[in-house]
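First the structure, in the form of structure tokens, and then the observations on it.
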Amino acid sequence: EAGVVQSPRYKIIEKKQPVAFWCNPISGHNTLYWYLQNLGQGPELLIRYENEEAVDDSQLPKDRFSAERLKGVDSTLKIQPAELGDSAVYLCASSPGLVDTQYFGPGTRLTVL
Amino acid sequence: GENVEQHPSTLSVQEGDSAVIKCTYSDSASNYFPWYKQELGKGPQLIIDIRSNVGEKKDQRIAVTLNKTAKHFSLHITETQPEDSAVYFCAASRGGGTYKYIFGTGTRLKVLA
């Protein structure tokens, strides 16, 4: 079974530039999560989707961050414009929805210069 | 707010010795407790989990214990091997398949050969 796929794996941009991350969850997983992981810290939830509906986006900085999951499968997280403090690893996870276990992708390491 | 404290932040053990990592959670409604292992450049991988109706769970060299009264749970790794070296994260959740995880801050385990 293929795991959660994320791309790109690494991204280096200058501040004020836009950036987008893509995630393809495990097949059949209705719930998709985006997490932010700062260096030396545990992941923190940014947004959770149930199919195509964002059901928890309370931690998403909506002034510069946006996300979408148009067909209830893959998802895109966007930052515009990026700031120096956005440098971190962005993790995507998915779960079947009715069970608790979340499966994580490899993450995208963002460096903002 | 909800939080999970994790100790120690770093742990070095000799190969073959045991390692113990402890977590304390604040949300008394938490009932699902996964442990993740994160290797350098990779996403977190589930290694074991426990639910609140169980006090202990084992899987080969790994075990997790839960004390609901004290609101703490621990990861035990026996007969450690160099490949156990990684960062380990605990998490707590209210469960139900869609409730968010609250992660600890991680423990960097080094197994010395």
Carbon and sulfur %, accessible surface of chain A computed with the full protein complex present, 1.4 Å: 50
Solvent-accessible area lost in complex, 40 Å² minimum, residues of region B:4-47 relative to chain alone, 1.4 Å: B:Gly41, B:Pro44
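Using only the Cα atoms of chain B, construct the convex hull and provide its projected area averaged over every direction, in square nanometres to one decimal.
Working: hull surface 27.5 nm².
Orientation-averaged projected area of the Cα hull: 6.9 nm².
Roughly how many Å² is the accessible area per residue of the protein assembly as shown, as a whole number, for a 1.4 Å probe?
Working: 11180 Å² over 226 residues.
Per-residue value: 49 Å².
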Rounded if a/c under 1.5, otherwise prolate or oblate - chain A, Cα gyration tensor axes: prolate
Heavy-atom accessible surface of region B:12-94: percent carbon and sulfur, 1.4 Å: 44
Per-residue ³J(HN,Hα) for region A:87-97, Karplus 6.51 cos²θ - 1.76 cosθ + 1.60, θ = phi - 60°, Hz, x for Gly and Pro: 4, 4, 9, 10, 9, 10, 9, 9, 8, x, x
Amide proton proximity set for B:Asn31, modelled H, under 5 Å, gap of 5+: B:Ser93, B:Arg94, B:Gly95
Formal net charge of residues neighbouring B:Lys57 (Cβ-Cβ distance under 9 Å; K, R +1; D, E -1): -1
Extent along principal axes [Cα atoms of region A:39-105; Å; largest to smallest]: 37, 28, 19
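Once the other residues with Cβ under 11 Å from the Cβ of B:Ala86 are scored (Lys, Arg +1; Asp, Glu -1), what is the net sum?
Working: positive: B:Lys37, B:Lys42, B:Arg108, B:Lys110; negative: B:Glu39, B:Glu83, B:Asp84.
Result for the local shell: +1.
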Sites A:Ser7 and B:Ser9, calculated FRET efficiency, Cβ-Cβ separation with R0 30 Å, nearest 0.05: 0.45
Solvent-accessible surface ranking, highest first, for A:Lys16, B:Lys42 at 1.4 angstrom: A:Lys16, B:Lys42
From the C-alpha gyration tensor of region B:14-62, square roots of 5λ in Å: 22, 16, 11
Charge tally in the Cβ shell below 12 Å around A:Gly85, where Lys, Arg are +1 and Asp, Glu are -1, A:Gly85 excluded: 0
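Only Lys, Arg, Asp and Glu count, each charged at its Cβ (+1, +1, -1, -1), so figure out the dipole size of the protein assembly as shown about its Cα centre, rounded to 20 debye. Before the final figure, lay out the partial values.
Details: 24 positive and 26 negative charges, 46 e Å.
With Lys and Arg at +1 and Asp and Glu at -1, about 220 debye.
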Label-point gap, in nm, between A:Lys15 and A:Thr111 - each point 7 angstrom along Cα→Cβ: 1.7
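How big, in percent, is the set of alpha carbon pairs in region B:61-106 lying more than 11 Å apart?
76
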Cα-based equivalent ellipsoid of the protein assembly as shown: semi-axis lengths in Å, sorted from largest, via gyration tensor: 30, 21, 16
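To the nearest 20 debye, what charge dipole does region A:1-79 have about its Cα centre, counting +1 at the Cβ of each Lys and Arg and -1 at the Cβ of each Asp and Glu? All intermediate terms of the calculation are to be shown ahead of the outcome.
Working: 10 positive and 11 negative charges, 90 e Å.
It works out to roughly 440 debye.
B plus A alone minus the pair: what accessible area, both sides summed, probe 1.4 Å, in Å² to 100? Write out the running numbers ahead of the final one.
Working: alone 6370 and 6470 Å², together 11180 Å².
Its buried surface, counting both partners, is about 1700 Å².
The values are calculated or read from the model by the stated rules, or taken from the named source; none is laboratory data. Here the structure is a predicted model, which is why all the values come from computation and not from measurement. Note that we place each Cβ from the backbone using ideal geometry, even for glycine, and neighbour counts take in every protein chain shown. Only protein heavy atoms, including side chains, enter the accessible area calculation; ligands, DNA and RNA are left aside. Shrake-Rupley method; radii C 1.70, N 1.55, O 1.52, S 1.80 Å.
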